[in-house]
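One structure is given here, and the rest of the page talks about it.
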Amino acid sequence: MFESIIQKDKELLILLNNLGSEQWDPFWLFITNQLYWAPLFILIFYLVIKSFGWKRGGFMILSMIVLVAFSDQFTNLIKNSVERLRPNNDPEIMDSLRTLINPQSYSFMSGHATTSTFFTVFVILLLKEKFKKYIYLMLIFPILFSYSRLYLGVHFPIDIFVGITIGTLFGNLYFLLYRKLDKKSLA
């Protein structure tokens, strides 16, 4: 059964990846690059400071930095433990994929999906009372960021699905921990 799931995972990736075209390649290369999301992060930091002030907002921003560092190290631990080849390095399917980048690290689970979802869920939970109407638009970030990895042929759908699931779980748990620490600091 496990091998059947892995085979279906590979088939789904080939299908999704081959929907791409040269016309869209620059867009997805742009989307997958963390650096180009900097304006979004600057906007979030601005909204946090504007809404909560320097002291409390600074603690929130520090919490976000710790979150990203933890998520990055956690996904690397999982990748190096599981050691699943990336699709672009998988001899069984690499010739069936359109690949525009060629990372050599392992595939499972997607750090892009995990960290972007973890960060976004945490930020939504932090800011949802202040920005009720628009805060859920933030979900566009992890959706696009994660899909870019399929488009580029460097992650399997299961890598993305598990990353989003873990990111959602961690985002909620981290927010609960943050609230406890925040209440103590306000007391």
Per DSSP helix of 4 or more residues, -39500 (n - 2.57); summed, then divided by the residues of the chain. What does that give at 222 nm, rounded to the nearest 500? -24000 deg cm²/dmol
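Where only protein heavy atoms count, and the probe is 1.4 Å, what is the accessible area per residue for region 82-143 in Å²?
50 Å²
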Shape call for region 39-78, from the Cα gyration tensor axes a ≥ b ≥ c (a/c under 1.5 means rounded, otherwise prolate when a/b beats b/c, else oblate), comes out oblate
Quick one: pull the percent of accessible area on region 56-187 belonging to carbon and sulfur, 1.4 Å probe, ligands and nucleic acids left out. 67 percent
Longer than 18 Å from Cα to Cα, which of Lys55/Lys128; Lys50/Lys130; Lys55/Lys180; Lys50/Lys183 are they? Say none if no pair is. Lys55/Lys128; Lys50/Lys183
Which order do the peptides 30-40, 160-170 come out in when sorted by mean C-beta neighbours inside 10 angstrom, highest first? 160-170, 30-40
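Decide, for region 79-150, between rounded, prolate and oblate: order the square roots of the alpha carbon gyration tensor eigenvalues as a ≥ b ≥ c, take rounded if a/c falls under 1.5, and otherwise choose prolate if a/b is larger than b/c, else oblate.
Cα axes put region 79-150 in the prolate bin.
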Rough spin-label spacing in nm, given labels placed 7 Å along Cα→Cβ, for Asn102 and Ile49: 4.2 nm
Whichever lysines have a C-alpha closer than 30 Å to that of Lys8, once near sequence neighbours (fewer than 8 apart) are set aside: Lys79
Determine the gain in length on full extension of the stretch Leu169-Arg56; use 0.36 nm per residue of separation and subtract their C-alpha separation, reporting nm with one decimal. 38.3 nm
Counting Lys and Arg as +1 and Asp and Glu as -1 over every other residue whose Cβ sits under 13 Å from the Cβ of Thr117, the net charge comes to 0
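Which FRET efficiency value, to the nearest 0.05, do you get for Ser81 and Lys133 by plugging their Cβ-Cβ distance into 1/(1 + (r/R0)^6) with R0 = 35 Å?
The calculated FRET efficiency here is 0.25.
For the chain, rounded, prolate or oblate, judged on the Cα gyration tensor with a ≥ b ≥ c (square roots of eigenvalues), a/c < 1.5 rounded, else prolate if a/b > b/c? Before the final figure, lay out each step's value.
Values: a/c = 2.60, a/b = 1.87, b/c = 1.39.
Prolate is the answer for the chain, as a/c is 1.5 or above and a/b outweighs b/c.
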All aspartates and glutamates inside 12 Å of Lys10 as judged from Cα atoms, apart from same-chain residues fewer than 8 positions distant: Asp90, Glu92, Asp159
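Check every DSSP H run in the chain and write down those whose alpha carbon atoms cover 24 angstrom or more along the long axis and whose mean Kyte-Doolittle hydropathy is 0.5 or greater. Show your work: numbers first, answer last.
On the way: long enough: 38-82 (42 Å, 1.15); 157-186 (42 Å, 0.64).
Result, helices passing both filters: 38-82, 157-186.
Counting Lys +1, Arg +1, Asp -1, Glu -1, what net charge surrounds Phe45 among other residues with beta carbon under 15 Å of its beta carbon? Write down the numbers at each step before the final one.
Numbers: positive: Lys50, Lys55, Arg56, Lys130; negative: none.
Residues near Phe45 contribute +4 overall.
The values are calculated or read from the model by the stated rules, or taken from the named source; none is laboratory data. Just so it is clear, the model here is predicted, and its values are computed rather than measured. For neighbour counting, all protein chains shown are included, and Cβ atoms are generated from backbone atoms with ideal geometry for every residue, glycine included. In case anyone asks, the SASA skips ligands and DNA or RNA and just uses the protein heavy atoms, side chains included. Shrake-Rupley method; radii C 1.70, N 1.55, O 1.52, S 1.80 Å.
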